[in-house]
Structures are given as structure tokens and as C-alpha cells.
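To start, the structure under review is shown below, and the notes come after it.
What follows is calculated from the coordinates using simple rules that are stated; it is not laboratory data. No experiment lies behind these values; they were computed from the predicted model shown. Every residue, glycine as well, gets a Cβ built from its backbone with ideal geometry; the counts of neighbours run over all protein chains shown.
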Amino acid sequence: MRRRTIRFMAIRALPQILIDRIAAGEVVERPASAVKELVENAIDAGASRIEVVSEGGGQRLIRIVDDGSGMSPSDLELAVQRHATSKLPTEDLLAITTLGFRGEALPSIASVSRLSITTRARGTDTASMIAIEAGEKQAIKPAALGEGTRIEVRDLFYATPARLKFLKTQRTEAAAIGDIVKRLAMANPQISFTLAGEDHAPTTWPAGDEAARLGAILGADFIDNAIEIDVWRGDVRLHGQVGLPTYNRGNGQHQYLFVNGRPVRDKLLLGAVRGAYADHVPKDRFPVLALFLDIPSRDVDVNVHPAKAEVRFRDGGLVRGLIVSAIRNALERESGRTSSGNADVALGLLARSLTRPANADWDWRLSPAAPRMPPDESAGFAEPAQAGFDTLVLPSADARANTAPVAPDNLDRPLGAARAQLHETYIVAQTREGVVIVDQHAAHERLVYERLKRERAAVGVKSQLLLIPEVVDLDPADVERLTAAAEDLSALGLTIEPFGPGALLVRATPAALGTTNPASLIRDLADGFAEWGSEIVLERRLDHVAATMACHGSVRAGRRLLPAEMDALLREMEVTPNSGQCNHGRPTYVTLKLTDIEALFGRR
């Protein structure tokens, strides 16, 4: 076996240019990272207007122009020195009230690019300019510029060619720049943002309020399918918009989270969002939301990540609980709403079915799907001829409609009056303003599920004692977390106690889980506690059991309902939380407005 030779070399101090490039690798991972740092500087400078231009995916050119406070020549000289900043008034690193504070962005970018900064301080008559190429500074010169700052970054990473190999395509890098500008624009609706250049179609988001900015960036469709949140817990505020459960996406890229104006991708916050929606959205789907957390600077450490993408909270449990309770309360408050996109899909299908072929002489009776019937020329519009139309309906399973008389008082209710049951699966209800189509199985599944949860909350969770208590070996940190929550876990049917420095003794498990593996359950809980830090993991396990029971105990598709049963189902849906979607996140009903239906038939 060949042995590796280890060479010991004398310790030496690295040259400054190499130190700068190493630091640049931490702060400036890609062009979008440089854009983020520079735009944050403009925001901290009090800008009311920021323009971002990029070319070549940001590698060839990044230009940031703002109308902020600008800099004097002496400030400009310091701005490009490492560890110099105007954003930390004292030595207290917990009193961070600005976005950029590390004092590394400008010198780091300058060490791997051709950087020029032109700036003019407010109230002064002249501007100054400095150019830096691969870390080599030139003398400050007079320049022409209005109040504010213009920064140009050209040939990013030309001084570190190896880094260029790891960049994505220009299209991908440009998309990353667009994403970070959108996130910063969402967090600062009081500032006008412009995104332009060869990488982007020119777009301007004028200054306005939070809802207007979110609608402009995420689209009016998001606002139409979102619920506003604005809650306080002590001196911590959570506000923004959360999407309805039925308005979801296939990945988590549409979850926008901000802490004190900083866009973050924090595990604690993402875990809280996932926990809040766990009962409403399928596992492989992700809700759309934009949430802003305002918290005193001393209660959050923003200096834990070079790119400031993660934060650390002094009281993570408070933040997690605030997010989970706020989202759940909002969803319960608007539990009767479903995504408008479901109605759009239904209307689209209906519109396509009404589209006639280009041939104006087309006769629907000649369709290959229409059964052949002997003509009856003498019948005219008499009863026998009308009866012939009945045979044109081709049954699927059972296409006969089980009709019900209208109840006038129910027309004004949110889900209207049941009029018919189609295909023994769908209830059609009539309202004053349109039609509601209900999936009877999905709807009743949610009703049964919520009933089971209410019963669990009222009488508690039954435990089943283990004949022989089981010892589960764990990491001491996991043992400490679970032991601290032993009382809460006991209320959920799980009885545990510490058993030495690295083990837990399990005496009882929730009866609803049936025959379960205690060791597997405890390890799952330990993993969940490490991520979320609460008993929500066990609640989800119990909720899954309740959901399974509800699915098997609900009204099945294919069962014919009496008119009174259909109306009773609608009335219970109206007073049951989260009845807009089933336990799997699918919509339980679709509303079609009469005006939209009339437009399809040319009546409007």
C-alpha cells in the first residue's frame, strides 16, 4: 500500500490580494450576490429610486444607480477598504439596524473585477470617482453626477478565472439577479425599483404600499388567492400575504421570507411554514407566500452567514409559534375560500367544449359520438321528438342526475341550495350569483377529519402502555430536547423519561398509532425537534392517522344522496374550518359565477 508523503512547510502570511480574493469567494458567490450587496448598500443610503442593469448574466456588467445620500471623497476612500463601514455606529454587533454591515462587499467585489464608483453626497456641488482593477486602486478623480451613487462592476471574476467555470449559463445567472432584485423590491415597497439591461425586459416597480408591490411582482392572481396577515406578539410583528392551500406550486421557490427587511432562506422559518400548512397542502406541493418578520435587532443575530442568507433568533420558539399560529388562524378564517384558479380551469374546459368547428355547416347530430336514430319527420316538437334527445346523452358510470327542489332560503348561503347530484359524485348547488360544484367525497372527508381532531382536542389522546418499556439510544442533545417537551408529548399520548446520558425510556405510545415501532417514532421526533423544536411532529403523525380514518369513513363517490343529505353536507361545510380543501390538499368545490357563464354563451 502506497503511503502518502506529507510535506511540512513554514507558516507564512498570505499576501493581501490573495486574502481579498478568498474573502470575495465567501461574499460574492455569483453575480447575483454582488447585486444583492450593492442594492442593499443603496437601500441603507436612503435611496428612493434604485436602477439595476446587467449584461451577460451579470458577468460582463452590473450597474447600480441610486439617489441616496452619496459619499464624500474621504468616505469614498474608506468605502473600498476592508472592514470599513458606516453601518455599525458602535462596537455592539447585536445592534444591527442596516442591511449591509460587514464592511467587505466593495473590496471583495473590487478584488475580482473592474470596479468603478461615482458618487456625490447630498448638499454638495461636485462628484468623485474611484476605479479599482483586480484590487489595485487608482486615485480619486472629480466626476459629473447628480446626488447619489453609480457603481459599475465589469468583467466579474476575470481576476479569478477558475470561478468562471462554476457559473451557470447567462440565462440562469440573469434569472438569479432578477430574483434577488424582486425580493429586495418586495421588502422595500417605499422605494422605486427598475430592472433593465440586455438580460431583462425593462421593468419598473413604482413606490407604493406592500400589497401593491406584492401584486406587481407576484401577480394579481396571487393577491386574489392570498390572505393578509398582520399580527403582533410582544414587540415582534409578522405581516404579509399567505396563499390559499389550493393555490400551490411544485417547489418552494415561491416562498418569500424576510427578517427586518432582509430576504432569507432560514431553516427555522421554512420549517414553521411547512408545519403550518402540513394539514392543508399535499407533501409534494408548496404554498405561495410573502411574509415579513419585524423583530428587535437585539433578538436576532444576522452575522451568522457570509451572504446573510440565514439568521439566528434569541427565542426561536416564539418566532416559530407566531408563524404557525398566524398562518393557521388565517387559513381557518378564510377556510371557505378555494383558489380562483380552479374556477378558471373549469371555465376554460367549458369554453373549449363550446368551441364550434370552423365549418359553419357543422351539425352536432352528425358527430361520430352521437348514436344513430331513425328519423321521425312527423313528430316535430311534440313529446316523442323531445324524448329522442334523452337518448343522445351517453352515460359514463351513471349519468342520470338526481335532482332536488330548490330551497329559496339557501340561495343566499355561501354554498347555495343543492339542486342535483351528477354521476353520483358531484353535487351541483345554485346561488344568487352562480353555480357551485362540490366533490362529495373530498368535502365529507374534510368534515370527518375536522370532527376527529375536535374529539381528540376535547377528550385527549389515549395511550397504550408498552408491556416492556423500550430503551432508545439517542444523541444527548436529542435526549435533552425531547425530555424538555415530555409534558407536551404526554398530552399527545407519548410517555417518555430520561434513561442515562444518551437514552430515553418509552413507557407508552399514542393508541391511535396502533402497533408502532417506538424507536422509529422517537428518532423521527428527534429529527423533527432538531428542525422545528416542538411537538408538532407527533401531532402530524396523529393527524395522518385521523386523515386516513376520515378517508375511509367518509361518503364515497358513487353513492346517491338524498336532497336533504346534499343540503346538510353544504351547511356543515359552511361552518367547518378548512372545508375548502380535502385532507390531501385538493379543492372540495368550485364556484362558477353567472356572469362568467353568460359570457361564454355570448350573453355579455
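Taking amide hydrogens as modeled 1.01 Å from N in the peptide plane, which residues meet the under 5 Å criterion relative to Ile191, leaving out close sequence neighbours?
Gly208
If you keep only loop residues by DSSP, which trypsin sites (Lys or Arg not before Pro) in region 148-213 have at most 13 other Cβ atoms within 10 Å of their Cβ? Display every interim value, and only then the final one.
On the way: sites: Arg150, Arg154, Arg163, Lys165, Lys168, Arg171, Lys182, Arg183, Arg213; in loops: Lys165, Lys168.
In loop regions of region 148-213 (DSSP not H, G, I, E or B), the sparsely surrounded trypsin sites (Lys or Arg not before Pro) are Lys165, Lys168.
Take region 101-194, drop everything but the C-alpha atoms, weight them equally and run the Debye formula without solvent; then report log10 I(q)/I(0) at 0.17 Å⁻¹ to two decimals.
The computed values of log10 I(q)/I(0) come out as -0.99.
Report the label-to-label distance for Ala211 and Gln464 in nanometres (one decimal), using points 7 Å from each Cα along the Cα→Cβ vector.
In this crude spin-label approximation the distance works out to 5.1 nm.
Tell me which chymotrypsin sites (Phe, Trp or Tyr not before Pro) from region 233-301 have a DSSP coil assignment and no more than 12 other beta carbons within 10 Å of their own.
Values: sites: Tyr247, Tyr256, Phe258, Tyr277, Phe292; in loops: Tyr247.
Answer in residue order: no site qualifies.
So if the hydrodynamic radius of region 457-514 is defined as the Kirkwood radius over C-alpha pairs, what does Stokes-Einstein give as its diffusion coefficient at 25 °C and 0.890 mPa s, in µm² per second? Walk me through the numbers on the way to the answer.
Values: Rh = 11.7 Å.
In µm²/s, the coefficient rounds to 210.
If the cut-off is a Cα-Cα distance under 24 Å, which lysines reach Lys165, setting aside same-chain residues fewer than 8 apart in sequence?
Lys36
If the cut-off is 17 Å between C-alpha atoms, which lysines fall inside it for Lys453, apart from same-chain ones fewer than 8 positions away?
Lys462
Of all trypsin sites (Lys or Arg not before Pro) in region 414-469, which ones are in loop regions per DSSP and have a Cβ with at most 16 other Cβ atoms within 10 Å? Intermediate values should be presented prior to the final figure.
Details: sites: Arg419, Arg432, Arg446, Arg451, Lys453, Arg454, Arg456, Lys462; in loops: Arg432, Lys462.
Here the sparse-neighbourhood loop sites are Arg432, Lys462.
Would you mind giving the average projected area, over all directions, of the Cα convex hull of region 171-227 in nm² with one decimal? Provide the component values of the computation, followed by the final result.
Values: hull surface 16.4 nm².
Seen from a random direction, the Cα hull of region 171-227 projects 4.1 nm² on average.
Search the structure for amide H atoms under 5 Å from the amide H of Arg314, placed 1.01 Å from N in the peptide plane, and list their residues when 5 or more places away or on another chain.
Amide H neighbours of Arg314, under 5 Å, 5+ apart: Val300, Asp301.
How far apart, in nm, are the 7 Å Cα→Cβ label points at Thr595 and Ala420?
Here the modelled spin labels are 2.6 nm apart.
Figure the gain on full extension for His83 and Ala139 (residue separation times 0.36 nm, minus the Cα-Cα span) and round it to one decimal in nm. Spell out each step's value before the answer.
Values: separation 56, 0.36 × 56 = 20.16 nm, distance 2.01 nm.
18.1 nm is the gain from fully extending His83 to Ala139.
Once amide H atoms are built 1.01 Å from N in the peptide plane, which residues 5 or more positions from Leu466, or in another chain, come under 5 Å H to H?
Ala508, Thr509
Give the calculated FRET efficiency between Ser48 and Phe166 to the nearest 0.05, with a Förster radius of 35 Å applied to their Cβ-Cβ distance. Don't skip to the answer; put the middle values down first.
Numbers: r = 36 Å, r/R0 = 1.04.
According to the calculation, E is roughly 0.45.
Please work out the Cα convex hull volume for region 210-333 and give it in Å³ per residue. Write down the numbers at each step before the final one.
On the way: hull volume 12.8 nm³, N = 124.
So the per-residue hull volume is 103 Å³.
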